[in-house]
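In what follows, a structure is listed as structure tokens, so that the remarks can point back to it.
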Amino acid sequence: MKPLNIQDPEIYSLIEKETDRQNFNIELIASENFASKAVISAMGTALTNKYAEGLPGKRYYGGCQYVDLVEDVARERAKLLFNADWVNVQPHSGATANMAVYLTLMKPGETFLGFNLAHGGHLTHGSPVNFSGILYNAEFYGVDKETGRLNMDEIRDKALKVRPKMISIGASAYTRDFDYEGFRSIADEVGAFLWMDMAHTAGLIAAKLLNDPLPHCHVVTTTTHKTLRGPRGGMVLIGKDGENTMGKVAPKSGRLKNWSELFDSSVFPGAIGGPLMHVIAAKAVSFGEALQPSFKTYQEQVLKNIQALAKRLMELGYKLVSDGTDNHLILVDLRSKGLNGKIAEEVLEKAQITVNKNMVPYDTESPFVTSGIRVGSPAMTTRGLKEAEFTRIAELMDMVLSNPGNEEITYKVGAEVNELCSKFPLYNFVTV
Ligand SMILES: Cc1ncc(COP(=O)(O)O)c(C=O)c1O
């Protein structure tokens, strides 16, 4: 067997280029992070070869004695991290974890109430082009036009009107924390299940820096690669005493007797075939990292850094949706600057600053243009940047956005980005 650079120089060179891009760009995409070398190493192993359909101790394949132990470690660490009663670490992604929730709690055609996608919700919470909107009847709640925040009274009114079977919480571009107790009391009032998708904020929740959904929601899903800083993947969790806090008797389905068994069977065989054992090993490694005290320090710095960036941008005259943030991201409304999200994303990228265009609530632009950009601090905080550097990043962004397309300024900012990135090295390897 030859090393990758000899065996396949074409792919090796593309991996090299992408690693270089990550090393020398300011990464501000709120849903991205930089996994550790240990996490990346675990993924590049022989575990990718192993079929292990089923659960530890109950597989449909032989030879699972070691991957069983790997999955057990991942599950135990995840339970400890989130104080959960039960977890399934097999979903290949956040979308797959969410699919397992729908398969367990909803029948096709039934109604659920979710966070309006145009106000920060996610595709898998009822978009007409996603399975969640194709198979189920999605109704939406949104944020207040003036404050950019959710209004619990309006959500209650909507729930009383549409009588959903399930209420979903969770977003990809909402900057405020959620009132889980308030949501639970609405869910109980209308007899709905309550599901939180904490894909974005899981790391901050694990570090106890945001409200904890697990004691209040019937089920919680997450991705593992955003603030949680693991490999790309998903999982499903039930909080302490979850079997009882589900508050409803699990429907009997053959030999399956309780909620955790039902969710397990919705993951496999409901939503996936063979689990990705190399990724589950990497999940275990990342949960081990998240259980260290340094993870809390990291998450605290994520919050300090986004606050520094937000403060400087507001001083420079930028309007932020909800006028700030409780979490790791901000949403910049560019309308007052005469820009749209598409142009902003493009000109910033030329100066080696990576963000994504994003709809702002009540946006009049299309999703391909948008009026805003979403900016997050998790990735650059992993590299070691602190408040001073994030303040400077706000100034660099402003230089580019105030002079869109100006080549001299783009070059100047790009040179400073290179210098900053060199001071905070990331990966010194291409393959591990
Ligand atoms: C809230 C939320 N849920 C689910 C997902 C889907 O995760 P994945 O891309 O792993 O399928 C995302 C991804 O951005 C998300 O923000």
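The values are calculated or read from the model by the stated rules, or taken from the named source; none is laboratory data. Here the structure is a predicted model, which is why all the values come from computation and not from measurement. No Cβ is skipped: glycine too gets one built from the backbone with ideal geometry, and neighbour counts run over all protein chains shown. Only protein heavy atoms, including side chains, enter the accessible area calculation; ligands, DNA and RNA are left aside. Shrake-Rupley method; radii C 1.70, N 1.55, O 1.52, S 1.80 Å.
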May I ask you to verify whether Ala100 is part of a strand (DSSP E or B), modelled with pLDDT of 95 or more, assigned by TED's automatic domain parsing to the domain that holds Lys165 and within 16 Å of the ligand (Cβ to nearest atom)? no
Which numbered condition Gly142 fails, given (1) farther than 24 Å from Leu214 by Cβ; (2) surrounded by fewer than 18 Cβ atoms within 10 Å (Cβ to Cβ): (2)
With (1) away from the ligand (no atom under 15 Å from the Cβ); (2) among the small types (Gly, Ala, Ser); (3) closer than 23 Å to Val101 by Cα; (4) crowded, with 16+ Cβ neighbours inside 10 Å as the list, and Gly182 as the residue in question, which single condition is left unmet? (4)
Look at region 26-39 and say how many of its residues are of a type in the set (Val, Ile, Thr) and either in the same structural domain as Thr382 (by TED's automatic domain parsing) or touching an Asp or Glu at 6+ places or on another chain (Cβ under 8 Å) (or both). 1
Take Thr223 and tell me if it is more than 13 Å from the ligand (Cβ to nearest atom), touching a residue at least 40 places away in the same chain (Cβ under 8 Å), open to solvent by less than 20 Å² (accessible area, probe 1.4 Å) and closer than 24 Å to Val360 by Cα. no
Quick check: anything in region 29-52 surrounded by fewer than 21 Cβ atoms within 10 Å (Cβ to Cβ), away from the ligand (no atom under 16 Å from the Cβ) and assigned to a strand (DSSP E or B)? no
When the residues of region 205-220 are narrowed to those that are hydrophobic (A, V, I, L, M, F, W, C) and buried (at least 24 other Cβ atoms within 10 Å of the Cβ), which ends up farthest from Ala284 (Cα to Cα)? Cys217
Quick check, is Glu289 assigned to a helix (DSSP H, G or I), in contact with a Lys or Arg (Cβ under 9 Å, 6 or more places away or on another chain), under 20 Å from Leu209 (Cβ atoms) and open to solvent by 30 Å² or more (accessible area, probe 1.4 Å)? yes
So, in region 109-129, exactly how many residues are more than 23 Å from Ile238 (Cα to Cα) and either touching a residue at least 12 places away in the same chain (Cβ under 8 Å) or in contact with a strand residue (DSSP E or B) (Cβ under 7 Å, 6 or more places away or on another chain) (or both)? 6
Return the pairs, sorted by first residue and then second, in which the second residue is of a type in the set (Ser, Thr, Tyr) and part of a helix (DSSP H, G or I), the first residue lies in region 298-318 and is under 14 Å from Gly376 (Cβ atoms), the beta carbons are less than 6 Å apart, and the residues are 6+ apart or on different chains. Gln301/Thr381; Val302/Thr381; Asn305/Thr381; Ala308/Thr391
Any pair with Cβ under 7 angstrom, 6 or more apart, that starts in region 186-205 at a residue that is over 30 Å from Thr382 (Cβ atoms) and ends at one that is within 15 Å of the ligand (Cβ to nearest atom) and in a loop (DSSP other than H, G, I, E, B): Leu194/Cys217
Mind checking which residues of region 305-341 are closer than 30 Å to Ala74 by Cβ and open to solvent by 20 Å² or more (accessible area, probe 1.4 Å)? Asp326
Which residue, of Leu396, Leu385, is touching a helix residue (DSSP H, G or I) at 6+ places or on another chain (Cβ under 6 Å) and open to solvent by less than 10 Å² (accessible area, probe 1.4 Å)? Leu396
Suppose the filter is modelled with pLDDT under 95 and either on the phi > 0 side of the Ramachandran plot or surrounded by fewer than 24 Cβ atoms within 10 Å (Cβ to Cβ) (or both); does His278 pass it? no
Determine whether region 190-197 contains at least one residue that is outside the structural domain of Ser377 (by TED's automatic domain parsing), modelled with pLDDT of 95 or more, within 11 Å of the ligand (Cβ to nearest atom) and not hydrophobic (A, V, I, L, M, F, W, C). yes
Working only within region 74-87, note down all residues that are open to solvent by less than 50 Å² (accessible area, probe 1.4 Å) and either touching a Lys or Arg at 6+ places or on another chain (Cβ under 8 Å) or not assigned by TED's automatic domain parsing to the domain that holds Lys240 (or both). Ala74, Ala78, Ala84, Trp86, Val87
On the given criteria, is Gly94 small (Gly, Ala, Ser), in contact (Cβ under 8 Å) with a residue 12 or more places away in the chain and open to solvent by 20 Å² or more (accessible area, probe 1.4 Å)? no
Please work out which residue is farthest from the ligand (Cβ to nearest atom), limiting yourself to region 80-97 and to residues that are in a helix (DSSP H, G or I) and over 19 Å from Gly274 (Cα atoms). Leu80
Can you tell me which residues in region 150-179 are within 17 Å of Phe263 (Cβ to Cβ) and either touching a helix residue (DSSP H, G or I) at 6+ places or on another chain (Cβ under 6 Å) or within 16 Å of the ligand (Cβ to nearest atom) (or both)? Met166, Ser168, Gly170
Being touching a strand residue (DSSP E or B) at 6+ places or on another chain (Cβ under 7 Å), open to solvent by less than 10 Å² (accessible area, probe 1.4 Å) and away from the ligand (no atom under 16 Å from the Cβ) is the requirement here; does Ala202 meet it? no
